Amino acid sequence: MRAWVLLSAVLWYLTGVGWQRSSELTKKGFIYGKPGHPVKIYVKLHHNSPVLVCMDLKRAKKETVDPTYLWIGPNDRVLTGNYRINIIKTGKLMVKDFVEPLSGLYTCTLSYKTIKAQTQEEKIVKQSYDFMMFAYREPDYSYQMSVRFTTKSCIGRYNEQLFRVLKKILDNLISDLSCHVIEPSFKCHFVKLPKHGLMHELFIAFKVNPFAPGWKGACNDSVDCEDITNNNILQARDRIEEFFRSQAYIFNHDFNKTLPAMHFVDHSFRVVRMDSCRPGFGKNEGLHSDCATCCVVCSPGTFSPDVDVTCQICISIHIYGAKSCP
């Protein structure tokens, strides 16, 4: 039986009638340096970084004689090519399968020669470029929802029964998406409507999130499981919205029945998205304006122990992505 039909029957029974982000990204996917200005780059967790070029755009348009490149990574390590760090002879660098500890400052020093045509005198010129790379994740989505139902009275068992039945129907509606209803609550209020007398209404609130028991089984061994869980919660949101839209349609178009005392209040459905970040990540619009909606890895001196949206201060931390304060 379809969910909206089931709820309608219950109401009558109960009451009867009544990606990579950087402002410097070029069309080819290369990011050039800017002399004297660190370039911020945000790399999605477990994805490859964009290609960093050890040169600025102005220099790239000129002839460069005998160039050499030296890359220094986080913790002042000289970078050489390996399975994760890819450096080619022209000074371009890409980091594969980016993870939290790879966040930090990447500095490249370009050395090249200038030669005077008349005397063949050579001069070595050096220029450094700084790139700040940060791992980020998409936030985990959940939805805070609220609806209203009319009722005969604020006293009696029917209100509690409706509340329990509604929660069960919604859970069944989204269970295949590994989503569930949490923190449900309701209150009964007197409502005075224009040109009407006092009415009793149930104000029902609940949250929907994608972490029902066994939710990891939906990930199919995917590293970026938030992409899957976020897609599932979006589907759950749409299903629930359609369910309440159907409730409104039933009571507005079924002319063969008298409206029951308990029914959905048309246009009362409200939904607000709530973002959270995994441990070790947080949002900071001031520090990361180019990735303001992202959950960016917590920088040294900060940590995030739970699914909050901000990194907290802890001066004893010297790593990226800390989940606790020693």
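The values are calculated or read from the model by the stated rules, or taken from the named source; none is laboratory data. Everything numeric in this text was worked out from a predicted model, so none of it was measured. Here Cβ is always computed from backbone atoms with ideal geometry, including for glycine, and neighbour counts include all displayed protein chains.
The residue list Lys216, Lys192 contains one member that is basic (Lys, Arg) and under 19 Å from the mean Cα position of the chain (by Cα), which is Lys216. Of the candidates Val191, Val165, Val265, Val181, the single residue that is at pLDDT below 90, outside the structural domain of Asn48 (by TED's automatic domain parsing) and touching a Leu at 6+ places or on another chain (Cβ under 8 Å) is Val191.
Residues that are surrounded by fewer than 16 Cβ atoms within 10 Å (Cβ to Cβ), out of contact with any helix residue (DSSP H, G or I) (no Cβ under 9 Å at 6 or more places or on another chain) and among the acidic types (Asp, Glu) do not occur anywhere in the range 42-59.
For the range 264-281, the candidate set comprises residues that are within 13 Å of the chain's Cα centre (by Cα) and assigned to a strand (DSSP E or B); within that set, the residue that is farthest from Gln235 (Cα to Cα) is Phe281. Test Tyr112 against the stated conditions and say whether it is more than 26 Å from Ala292 (Cβ to Cβ) and outside any strand (DSSP E or B). When the stated conditions are applied, Tyr112 does not pass them.
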